[in-house]
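This report refers to the structure that appears directly beneath it.
The values are calculated or read from the model by the stated rules, or taken from the named source; none is laboratory data. Every value quoted in this text rests on a predicted model; they were computed, and no experiment measured them. With ideal geometry, Cβ positions are generated from the backbone for all residues, glycine too; neighbour counts draw on all protein chains shown. For the accessible areas, the whole protein counts, side chains as well, though only heavy atoms, and no ligand, DNA or RNA atoms are used. Shrake-Rupley method; radii C 1.70, N 1.55, O 1.52, S 1.80 Å.
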Amino acid sequence: MATQLQRASNATTTPSFDASFRQSLADLLAWRRDVRRFLADPVDPAVIDELLDLACLAPSVGNSQPWRFVSVESPERRTEIRANFEDCNAKALGGYAGEKAAIYAGLKLSGLAEAPVQLAVFADEETEAGAGLGRQTMPETLRYSAALAVHTLWLAARAQGLGVGWVSILDPARVSGTLETPAGWSLVAYLCLGYPVEEHVDPELQRFGWQARDAACRRVLVR
Ligand SMILES: Cc1cc2nc3c(=O)[nH]c(=O)nc-3n(C[C@H](O)[C@H](O)[C@H](O)COP(=O)(O)O)c2cc1C
């Protein structure tokens, strides 16, 4: 059976995105959450394959498609990643004091122990794809492009009922060592994926009193 992507790519007429689709898209954006509580239920590898296909539709500087995925499956490497997180998290906690430290200590900041699927996403900073278009002035656009692949995957996963949690409390050089990735790849995201224990529309960090929505994000300076 054709995948959703194959059906989309083989369509001969321009799709019409009607009001009902727009509402569903708004629902998807509003209900995409960073998840860190996962069920142990396995995820069909075909679903992950499809998510990766969809992530590859993300925009990229010069069409360079610099995202590189590593599926972290070895228990030993997962244990090393967890130790990396625990060290970095303890260090981060040490940087807070008082009430902020107490809240930080109570937050669950990764699902590394439970998530059935773990994907590290890198940007290949040495790719020749795109022939440098757009990145001679802003080399960081390669990483931005990889971040967009992450977001695309995140939304596609949510549409399948899967949760994604982005872990950045990691020493990136240590992650690269653990995963033995090529020298030119820089870590953009370490993702935990799986079916979520719970669904809620409000972000976890808002729920637990760390950070509510910030009105500054919606302000527009007019010049
Ligand atoms: C670049 C990036 C790095 C993040 N790193 C972490 C992390 O290490 N641990 C964590 O619990 N959440 C992490 N998050 C998730 C954010 O905390 C979360 O997206 C934010 O609180 C908003 O919640 P929402 O994604 O549910 O809207 C990260 C998110 C982004 C975009």
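The calculated FRET efficiency for residue 46 paired with residue 222, based on their beta-carbon distance and R0 = 45 Å, is about 0.40. Taking each residue as 0.36 nm, the span from residue 133 to residue 71 lengthens on full extension beyond its C-alpha to C-alpha distance by 19.4 nm. Highest mean packing first, where packing is the average number of other Cβ atoms within 10 Å per residue, the peptides 193-202, 52-61, 145-154 line up as 145-154, 52-61, 193-202. Share of carbon and sulfur in the accessible area of the range 1-71 stands at 57%, probe radius 1.4 Å.
In the chain, the DSSP-assigned H stretches of four residues or longer account for a calculated mean residue ellipticity at 222 nm of -12500 deg cm²/dmol, using -39500 (n - 2.57) per stretch and the full residue count as denominator.
In this structure the chain gives 58 Å² per residue of accessible area when probed at 1.4 Å with all protein chains present. In the range 35-198, Rg over Rh equals 0.99, where Rg is the alpha-carbon radius of gyration and Rh the Kirkwood radius from pairwise Cα distances.
For the range 55-95, GluC sites (Glu not before Pro) meeting the loop criterion (DSSP other than H, G, I, E, B) and having at most 16 other Cβ atoms within 10 Å: 73.
For the range 82-151, chymotrypsin sites (Phe, Trp or Tyr not before Pro) are listed when DSSP marks them as loop and at most 16 other Cβ atoms sit within 10 Å of their Cβ; the list is 96.
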